[in-house]
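Heads up: the structure comes next, in structure tokens.
The values are calculated or read from the model by the stated rules, or taken from the named source; none is laboratory data. Nothing here was measured: the structure is a model prediction, and the numbers come from that model. No Cβ is skipped: glycine too gets one built from the backbone with ideal geometry, and neighbour counts run over all protein chains shown. Ligands, DNA and RNA are stripped out before the accessible areas are found, and what is left, the full protein with its side chains, is counted by its heavy atoms. Shrake-Rupley method; radii C 1.70, N 1.55, O 1.52, S 1.80 Å.
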Amino acid sequence: MEHPIVLKKEEISQTLNLDKIFNADLSERTDLKARIAQEAIDIILNRTKSSKDIHGSRFDSYDEDYKESFDFKVAGKSNKVNMELSGGMMADLGVINIEGNEIKIGFRDETEKLKAFNHNTGDTVPKREFFGLNDKEVRKIKSKFKNEVKSIQNTVVRNNQNTLGELLGVTPQEQNLLNRTIASIFGGLFGDN
């Protein structure tokens, strides 16, 4: 997987490399990175609420002992498996770090990390792999933000084209030809022939 998931008792996280997703340097785009991180979290939360694991499979049903437990009854749980008893574990899922061209999401609280570890690995409870994004979900994020990223890239290219024209001392007509040539080259790199 391009974006490795760490499943350890002391760390439950996934690092998304934006260069690998978008082929772009977004290290200076804090607001965009925060929105991408939130989208990643929302995808995990929504998938989990719909009783599906990271592979798109339905969670196994709750066992009868758990359904008869005091905690289950007090929490007012239904038979729908959604990884929420008190809501604390899923509420703890968030951004761990945004640095450079990477976003790290995961669990921050030590108790919630242990719960997430147990559920994802089946250590002490039935295994339900809910944490992380699969490749299809990463492509969904790429699709959602690709136009915004492309706009940022085009702005950078235009600024560089104008700077190059100024350095070369070309006429406005030559600048236009230079801009079209560079746009053609970069368009091919970004799949926009």
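Just a few scattered comments:
- Members of region 32-71 that are of a type in the set (Ser, Thr, Tyr) and touching a strand residue (DSSP E or B) at 6+ places or on another chain (Cβ under 7 Å): 51
- Subset tally (residues that are out of contact with any helix residue (DSSP H, G or I) (no Cβ under 8 Å at 6 or more places or on another chain) and among the small types (Gly, Ala, Ser)) for region 1-26: 1
- All positions within region 2-55 that are polar (S, T, N, Q) and within 14 Å of the chain's Cα centre (by Cα): 13, 14, 15, 17, 38, 46
- In summary, residue 179 fulfils each of the numbered conditions (1) in contact with a helix residue (DSSP H, G or I) (Cβ under 9 Å, 6 or more places away or on another chain); (2) modelled with pLDDT of 70 or more; (3) more than 27 Å from residue 39 (Cα to Cα) with the single exception of condition (2).
- Top-ranked residue in region 102-152 [being among the small types (Gly, Ala, Ser) and open to solvent by less than 60 Å² (accessible area, probe 1.4 Å); ranked as farthest from residue 60 (Cα to Cα)]: 106
- Residue pairs whose Cβ atoms lie under 9 Å apart, separated by 6 or more positions or on different chains, with the first residue in region 56-77 and open to solvent by 50 Å² or more (accessible area, probe 1.4 Å) and the second hydroxyl-bearing (Ser, Thr, Tyr) and at pLDDT below 80, are 71/86.
- Count of region 108-146 residues which are of a type in the set (A, V, I, L, M, F, W, C), within 14 Å of the chain's Cα centre (by Cα) and not in a loop (DSSP other than H, G, I, E, B): 3
- Residues located in region 85-123, provided they are among the hydroxyl-bearing types (Ser, Thr, Tyr) and in contact with a strand residue (DSSP E or B) (Cβ under 8 Å, 6 or more places away or on another chain): 121
- Among the residues of region 27-47, those that are at pLDDT 95 or above and either acidic (Asp, Glu) or touching a Pro at 6+ places or on another chain (Cβ under 8 Å) (or both) comprise 39, 42.
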